[in-house]
Amino acid sequence: MKKIIIGLTAGFLNGLFGAGGGALLVPASRRFLGAGVHEAHASAIAVMLPMSVVSGVFYVVQTRPVLWQVLMVSLGGLAGGYIGARLLPKLPPKVLRKVFAFFILAAAIKMVIG
């Protein structure tokens with residue numbers, strides 16, 4: 001049941017904000033499911049694909065984004081995703097936790113300050 005509640009909450013955040021599910025999935029997997037740091041990050045990445053596809057379809061239909069921009073950002077995202085996935089197993093858990101926390105904190109500050 002915990003897994004479904006975590007997935008529902010992450011999917012809700014992803015659908016509402018267009019992102020944010022991964023920020024919830026990593027700590028929730030660690031705390032409530034007992035996942036290790038690397039496993040939590042890898043699982044979050046794998047779960048984000050189906051959630052993003054579902055949310056993405058609705059966003060494309062409702063808001064009609066500029067498709068060439070979507071394509072260009074997607075190409076960069078594919079390259080960055082490949083690099084990040086190759087780097088993930090090489091980072092010690094302590095470093096990975098700190099890097100993740102830095103980006104979450106930076107995003108939070110940016111959202112509050114503007």
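Quick notes
- Only one of the listed residues (LEU49, LEU71, LEU105, LEU33) is exposed (fewer than 11 other Cβ atoms within 10 Å of the Cβ) and closer than 21 Å to LEU8 by Cβ. That residue is LEU49.
- Residue in the stretch 52-74 that is out of contact with any Pro (no Cβ under 9 Å at 6 or more places or on another chain) and either touching a residue at least 60 places away in the same chain (Cβ under 8 Å) or under 16 Å from LEU25 (Cα atoms) (or both) present: yes
- Every residue from the stretch 18-28 that is closer than 14 Å to PHE100 by Cα and either out of contact with any helix residue (DSSP H, G or I) (no Cβ under 7 Å at 6 or more places or on another chain) or among the hydroxyl-bearing types (Ser, Thr, Tyr) (or both): PRO27
- For the stretch 30-54, the set of residues classified as of a type in the set (Gly, Ala, Ser) and within 13 Å of the chain's Cα centre (by Cα) consists of ALA40, ALA42, SER43, ALA44, ALA46, SER52, listed by residue number.
- Any chance ALA40 is modelled with pLDDT of 90 or more and touching a helix residue (DSSP H, G or I) at 6+ places or on another chain (Cβ under 7 Å): yes
- Filtered residues of the stretch 74-98 (kept if surrounded by 10 or more Cβ atoms within 10 Å (Cβ to Cβ) and either closer than 14 Å to ALA40 by Cα or in contact with a Leu (Cβ under 6 Å, 6 or more places away or on another chain) (or both)): ALA85, LEU88, PRO89, LEU91, PRO92, PRO93, LEU96, ARG97
The values are calculated or read from the model by the stated rules, or taken from the named source; none is laboratory data. A quick note: this is a predicted structure, and the numbers were derived from the prediction, not measured. Every residue, glycine among them, receives a Cβ derived from its backbone with ideal geometry; neighbour counts consider all protein chains shown.
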